[in-house]
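The values are calculated or read from the model by the stated rules, or taken from the named source; none is laboratory data. If you're wondering where the values come from, they're calculated on a predicted model, not measured in any experiment. As a convention, Cβ positions derive from the backbone with ideal geometry for all residues, glycine included, and neighbour counts pool all protein chains shown. Please note that ligands, DNA and RNA were not included when accessible areas were found on the heavy atoms of the full protein model with its side chains. Shrake-Rupley method; radii C 1.70, N 1.55, O 1.52, S 1.80 Å.
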Amino acid sequence: MNLKTIDAFIKNGSFGYARHLVVDGVIKLSAHNLTLSKLLGEDVVSNLQEGGHDIQSSLISVIRQWLYMIHQVADDGKIRIFTTLLSSPNQHYRFLVFRTETNHITTIILELPTSRNDLWIEETIHQKTVTNLIDAVCIVDTDFNCILIACSDKIYGYKLHEITSSILKERLLLKSPDIQMHITSLLQGEAEFYKFEAIEERKDGTLESLRYFFTLLTESNQKPLGALILSKNITDRLVNQKQLQSPQMMLDAILASTAEGIYGVDRYGECTFCNEACCHLLGYESVNELLGHNMHALIHHHNEQGDLWPYKDSQIHQVLSTGKPTHRIETNIWRKDKTSFIGECYGYPQLDHDMVVGAIMTFYDVTKLKTTTKELVESERSKSLLLSNIPGMAYRCRVDREWTMLFVSEGVKDLLGYQSEELLYNRDLSFNDLIEPPYRDFLWNRWNQVLSNHEKFREEYQVRTKGGKVKWVLELGQGVYEEPNEVVALEGIIIDITEQKVRQQEAEYLNMYDQLTGLYNRIYFEKLIEKYDQPRYFPLTYMIGDINGLKLVNDGYGHEFGDYHIKKVVEIIRRNVRPQDIVARIGGDEFAILFPNTTTEDVYTIFKNIIEDTRIYNKQKESYVPELSISMGFNTKNNTYTLFQEITKSAENFLNRRKLLERSSSHSDILRSIQTTMFERSQETEEHAERLAQLTHRLGVLFHLSQLELDLLNLFSPLHDIGKVGINDQILKKPGALTEEEWIEMKKHPEIGYRICLSSPELASIADFVLAHHERWDGTGYPLGLKGEQIPILSRILSIVDAYDSMTNDRVYRKALAKESALKEISDKAGTQFDPTIAKTFIKMMEK
């Protein structure tokens, strides 16, 4: 493909066009047409040509998502679709992003007319971003010449560079007369959009099923320019459809005999089958009038009041998107002749390896149902249960302790592993034999209660399959009555809900336990307090604890180290409490313990043991590991008239007093650990820190700094690189020059140091100086790009002294410079890197 040819062809298109060049992760707009400028604005387009780093526009979120998608396409080559609403001209647009050549990413932006009712477009609107919806993009001119092609290896079997115009015309899509006919219809204005399916031969001679979408492309004057052809490989989907059709064929006789309308849809909502009753209820003469059509657009497009009914609110979408059965008692259904009726509808998902591949929908006219005979109602109910609950088991049984089966659907094989004849009339075993023993009496009593009250039956219980596996099932059923109080049978369905129960148990675990520590969480702990707050557990002692300095550890060492800190505290607590004691994490750095039947004196012993265990840990830990410090408070409830809230408040007051006593010490210990780690991991030494303190102090005196400023300078100088504790060792200790990526990482240390300082009351006063110590006088420094006197004077002083000391002392990557050479370097960079006034004063000071 010739990029200049593509640019020239699309130059006057009525649709947006952009081509970006992606080099080393940097995106720049290299080509575009006038329509793109109109959609996004000239300022945005100009900024995109410079890399898109300073966009000031209401479209900023759209642009960011677009650029992110370009990065993704550059990385994996997959075609992506992104649909958004542009506020001007307040219209939905679809961004089609794909790779045309190495490092060249092309975007086509098409308006989505609100009148177009196409499921593929609906999907892209509601899903916002779609990755695997399209496998190939092709643009042809009015003479069927290929202007542009992009495709994945999944389609055609050719590499992108192998596909030429001649290949397209001789072997692929452009050789098809049907496709040429559709393109001709588009160009002649007969339609703006077509959808078409065809069988194509791949490069290796195998066949594949493809779905094509054709869209007319016009110039800004609406003159036909060509056609956009999108292709999707649907071979796997058709295989799935055939697999779905196999059980359907076995039910053809039942489908033909039922009076309910029944139809199936694929995951796109298009009709895959329907019965004669469905055609009759909807007023169609043949099933072919429904097959392949979007059923929501055909029969549910408006509600009873005539308002548009969006697809995302429809029952079909609900079943396909959630994978769960649905039931709507009253739904407006439109016939072929534009009249409508209110129907009751059921929807059931069709699953293949836990993935929703379609749905079965049943419906009937509620008004006719009221006058249907009793025999038809009985027939319809049995057939509906049989059809609509695959792969569950439909049944009809006697009311006896063995649940003698009179009818069992074929779904029993998947559910229980038995053939239906093995259970019928208790031939080999009864259904009661399959129910787990703890549930047998319960189910018998529950059914008797339901039947006596003429209610519906709904219960969950466990059964054992032929292979010995225990499953959770949901049974929905009811009694069959000949006279008002004479029960002749039971009928219903039994569905496998094992996976749902597992998810429910997982959710219950998350509701009860803290994921990091495995302790109870706050919500469940509060429930346990209600349980234990009663006389048989008195004396009931409550303890609350707090990990001192955790925020400082998180900021200084990272959250992984903070999590390690928390887990170590939990280990210490667990070693010292008893099995009957209840431990919970009730906040980020807070935990609480309930001690049933435990006096204050006994808890005080546990309290001292935890403190001692913490002391031993701190003594044995590695020097770079921050010390653990735990503050705790506790109180005991001995009677019923004392509110438990009073106990917790008293314990919290105890805790707060302990924290006041321990806060300064624990913060100092952690800061010492951070400073020690800084010296161990970076190339700096304590001697370097001392020299900085001396020289910055002397220079500060020459500038008549106040005593407070000198004190801050004395604190700031040795700690200016404290943020390096958060930088990777391989970068800090690398002997050679850093790569661009390593420099980006290294430049983060002022911001890391800034956060550490803000986390400590002792260091908060120097946080701004730490953040600015790599800023430059000419504004080219980092991280904020401050310029001149915007940079704090303490940071300006430190940057000169630090540079001088670094130059005049040996480094792993170079030998020390002579004093005169170092001073000349500072003089040369005065006014660019350094404050010229401070640099001049420093040079004079050092020369003396």
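Before moving on, here are some points about what is shown:
- Selected residue (criterion: surrounded by the most Cβ atoms within 10 Å (Cβ to Cβ)) from residues of region 740-787 that are under 14 Å from Phe716 (Cα atoms) and of a type in the set (Asp, Glu): Asp768
- Condition broken by Tyr17, with the remaining ones in (1) under 29 Å from the mean Cα position of the chain (by Cα); (2) within 24 Å of Thr5 (Cα to Cα) satisfied: (1)
- When Val470 is tested against (1) open to solvent by less than 60 Å² (accessible area, probe 1.4 Å); (2) touching a Ser or Thr at 6+ places or on another chain (Cβ under 8 Å), only condition (2) is not met.
- Only one entry of Val412, Val356, Val399 meets the criterion of being open to solvent by less than 20 Å² (accessible area, probe 1.4 Å), of a type in the set (A, V, I, L, M) and either modelled with pLDDT of 80 or more or within 42 Å of the chain's Cα centre (by Cα) (or both), and that entry is Val412.
- Scanning region 543-575 for residues that are open to solvent by 10 Å² or more (accessible area, probe 1.4 Å) and not in a helix (DSSP H, G or I) turns up Asp546, Gly549, Gly558.
- All positions within region 329-353 that are touching a strand residue (DSSP E or B) at 6+ places or on another chain (Cβ under 6 Å) and open to solvent by 60 Å² or more (accessible area, probe 1.4 Å): Ile329, Glu330
- Within the set Glu344, Glu380, the sole residue that is at pLDDT below 65 and touching a Leu at 6+ places or on another chain (Cβ under 9 Å) turns out to be Glu380.
- Selection of first residues in region 17-44 that are touching a residue at least 40 places away in the same chain (Cβ under 8 Å) and of second residues that are open to solvent by 70 Å² or more (accessible area, probe 1.4 Å) and assigned to a strand (DSSP E or B), restricted to Cβ pairs under 7 Å at least 6 apart or on distinct chains, gives the following pairs, ordered by first then second residue: His20/Lys28; Leu21/Lys28.
- Check on His317, open to solvent by 70 Å² or more (accessible area, probe 1.4 Å) and assigned to a helix (DSSP H, G or I): no
- Single match in Gly736, Gly779 (criterion: on the phi > 0 side of the Ramachandran plot and in a loop (DSSP other than H, G, I, E, B)): Gly779
- Among the residues making up region 490-511, those that are open to solvent by less than 50 Å² (accessible area, probe 1.4 Å) and not β-branched (Val, Ile, Thr) are Leu490, Glu491, Gly492, Lys501, Ala507.
- Selection status of Asn576, of a type in the set (S, T, N, Q) and out of contact with any Ser or Thr (no Cβ under 9 Å at 6 or more places or on another chain): yes
- Residue within region 442-450 that is more than 30 Å from Ile523 (Cα to Cα) and of a type in the set (D, E, K, R) present: yes
- Exactly one residue out of Glu627, Glu680 is modelled with pLDDT under 90, surrounded by 21 or more Cβ atoms within 10 Å (Cβ to Cβ) and among the charged types (D, E, K, R), and it is Glu627.
- Leading residue by the ranking (surrounded by the most Cβ atoms within 10 Å (Cβ to Cβ)) among those in region 152-195 that are out of contact with any helix residue (DSSP H, G or I) (no Cβ under 6 Å at 6 or more places or on another chain) and part of a strand (DSSP E or B): Phe193
- Given (1) of a type in the set (Lys, Arg); (2) in a strand (DSSP E or B); (3) modelled with pLDDT under 85, number of the condition Arg328 does not satisfy: (3)
- From the list Ile744, Ile722, Ile727, the one residue that fits, being under 17 Å from Tyr782 (Cβ atoms) and over 32 Å from the mean Cα position of the chain (by Cα), is Ile722.
- Condition check for Thr184: without any contact (Cβ under 8 Å) to a residue 40 or more places away in the chain, β-branched (Val, Ile, Thr) and within 19 Å of Thr100 (Cα to Cα): no
- Residue pairs whose Cβ atoms lie under 8 Å apart, separated by 6 or more positions or on different chains, with the first residue in region 438-455 and on the phi > 0 side of the Ramachandran plot and the second surrounded by 15 or more Cβ atoms within 10 Å (Cβ to Cβ) and not aliphatic (A, V, I, L, M), are His454/Gly479.
- Strands (runs of 3 or more DSSP E) within region 202-266 that include 3 or more residues farther than 29 Å from Asp143 by Cβ and modelled with pLDDT of 85 or more: 261-266
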